[in-house]
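Working notes, structure below.
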Amino acid sequence: MVDVLYSDIAKAIRQLKCPVKSLTVDIVTHPDFLALRVYEEQVMEYNVTQREAIMQYLLLMRDIVQAYGVRCEIMGVKYA
């Protein structure tokens, strides 16, 4: 993946407002796609309404990445 494209995607994603504080979403590059990595332990700290907002936020992030023609997956990391 071209670095310029990656920086454009990152810039577009940074313009979104996260619905909750202290949510970590990593953008991980794979050979064929980008992954949005979110941590289950963090998500479960919030109530149902906030979790729903987090999911909408992740889907919007995925849509932004896909708008650049890059495949994108949302990957959750379970409790350790």
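With angles folded into 0 to 90 degrees, how steeply does helix 3-14 sit against the dominant principal axis of the chain? Use alpha carbons for both and round to 10.
30 degrees
Over the stretch 37-80, average the accessible area per residue using a 1.4 Å probe and give it in Å², no decimals.
Working: 3010 Å² over 44 residues.
About 69 Å² of surface per residue is accessible.
Report the trypsin sites (Lys or Arg not before Pro) located in the chain that are in a DSSP loop and have at most 15 other Cβ atoms inside 10 Å of their Cβ, or state none.
Working: sites: LYS11, ARG14, LYS17, LYS21, ARG37, ARG51, ARG62, ARG71, LYS78; in loops: LYS17, LYS21, ARG71, LYS78.
Passing both the DSSP loop test and the Cβ count: LYS17, LYS21, ARG71, LYS78.
Which of the chymotrypsin sites (Phe, Trp or Tyr not before Pro) across the chain are loop residues per DSSP, with 16 or fewer other Cβ within 10 Å? List each step's numbers first, then the result.
Numbers: sites: TYR6, PHE33, TYR39, TYR46, TYR57, TYR68, TYR79; in loops: PHE33, TYR46, TYR68, TYR79.
Answer by residue number: PHE33, TYR68, TYR79.
With bins 10 Å wide starting at 0, give me the P(r) of the chain over every alpha carbon pair, in whole percents.
The distribution over the chain is 18, 53, 25, 4, given as percents.
Roughly how tilted is helix 48-67, in degrees to the nearest 10 and between 0 and 90, from the longest Cα axis of the chain?
0 degrees
Let me have the 222 nm mean residue ellipticity of the chain computed from DSSP H runs of 4+ only, each contributing -39500 (n - 2.57), with the sum over all residues rounded to the nearest 500. Before the final figure, lay out each step's value.
Working: 3 runs with 36 residues, N = 80.
Calculated at 222 nm, the ellipticity per residue is -14000 deg cm²/dmol.
The values are calculated or read from the model by the stated rules, or taken from the named source; none is laboratory data. Nothing here was measured: the structure is a model prediction, and the numbers come from that model. In this analysis, Cβ positions are derived from the backbone assuming ideal geometry, glycine residues included, and neighbour counts consider all displayed protein chains. These area figures cover heavy atoms from the full protein model, side chains too; ligands, DNA and RNA do not enter into them. Shrake-Rupley method; radii C 1.70, N 1.55, O 1.52, S 1.80 Å.
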